[in-house]
Amino acid sequence: MNYKHLIRETDEMLASQEALQHKLRERNKVILLRLLKNGLSLTEASKHLHVGYRQAQRYLKRYEEGGLFELLQHRYKINARKLSPTQVIKLGNFIKHMNGEARLVDIKEYIHEEFEVDYTLGGVSALLSRHHINHMRP
């Protein structure tokens, strides 16, 4: 396939965009376009960048659908917290009320009953750690 006509940006424009990218993944997306524009095949370009062929295809498809701007948009899912800040405060008050007798199983059950949110025991432990909540006696 002839990518020279598919990629609308000039090599100079792509080079300047490449220099602006601080994250390796985004920089590699621009480099992929430059390599394709300069005559490499998709297979050769993906090998050069050490990305899988299918990943390179997905990058190219996103570029075709929305251009360079769409390609460089961050689409990473942020791991959303399940409890709101108000719920975390309420959880902290519950644990304080337990006077250091709250077990992770009890806390997990409380979260499920009070907020209708399910956590694993490891998730409960991570939640407490993340919010600096001590569930044992000091």
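Residue by residue, here is whether (1) under 20 Å from the mean Cα position of the chain (by Cα); (2) among the aliphatic types (A, V, I, L, M); (3) in a helix (DSSP H, G or I) holds:
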position: Lys29; (1), (2), (3): yes, no, yes
position: Leu35; (1), (2), (3): no, yes, yes
position: Leu40; (1), (2), (3): no, yes, no
position: Ser46; (1), (2), (3): no, no, yes
position: Gly67; (1), (2), (3): no, no, yes
position: Leu71; (1), (2), (3): yes, yes, yes
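Within the range 48-59, being part of a helix (DSSP H, G or I) and more than 16 Å from Leu72 (Cβ to Cβ) holds for His48, Tyr53, Arg54, Gln57. Are any residues in the range 85-97 surrounded by 15 or more Cβ atoms within 10 Å (Cβ to Cβ) and aliphatic (A, V, I, L, M), and if so, which ones? Selection gives Val88, Leu91, Ile95. Restricting to the range 1-41, name every residue that is farther than 17 Å from Leu72 by Cβ and in contact with a Leu (Cβ under 7 Å, 6 or more places away or on another chain). Tyr3 - this is the single residue of the range 1-41 that is farther than 17 Å from Leu72 by Cβ and in contact with a Leu (Cβ under 7 Å, 6 or more places away or on another chain). Being of a type in the set (A, V, I, L, M, F, W, C), modelled with pLDDT of 95 or more, in a helix (DSSP H, G or I) and over 30 Å from Val124 (Cα atoms) is a property that Ala19 lacks.
The residue that is nearest to Lys90 (Cα to Cα), among those in the range 106-126 that are aliphatic (A, V, I, L, M) and touching a helix residue (DSSP H, G or I) at 6+ places or on another chain (Cβ under 8 Å), is Ile111. Of the residues making up the range 54-67, just one is surrounded by 12 or more Cβ atoms within 10 Å (Cβ to Cβ) and either more than 20 Å from Gln17 (Cβ to Cβ) or not assigned by TED's automatic domain parsing to the domain that holds Leu24 (or both), namely Gln57.
Return the only residue of Leu72, Leu104 being within 29 Å of Gln17 (Cβ to Cβ) and either at pLDDT 85 or above or surrounded by 15 or more Cβ atoms within 10 Å (Cβ to Cβ) (or both).
Working: Leu104 fails: within 29 Å of Gln17 (Cβ to Cβ).
Checking each option against the conditions leaves just Leu72.
Close contacts from the range 115-132, counting a first residue that is in the same structural domain as Gly92 (by TED's automatic domain parsing) and a second that is modelled with pLDDT under 90 and among the basic types (Lys, Arg), with Cβ to Cβ under 6 Å and a gap of 6+ residues or different chains, come to Val117/Lys82. Taking the stated definitions as given, is Ala126 farther than 30 Å from Thr10 by Cβ, under 22 Å from the mean Cα position of the chain (by Cα) and modelled with pLDDT of 90 or more? Here the answer is yes, as Ala126 does meet what is asked.
The values are calculated or read from the model by the stated rules, or taken from the named source; none is laboratory data. All values reported here derive from a predicted model rather than from experimental measurement. Because the Cβ atoms are built from the backbone with ideal geometry, glycine has one as well, and the counts that use them run over all protein chains shown.
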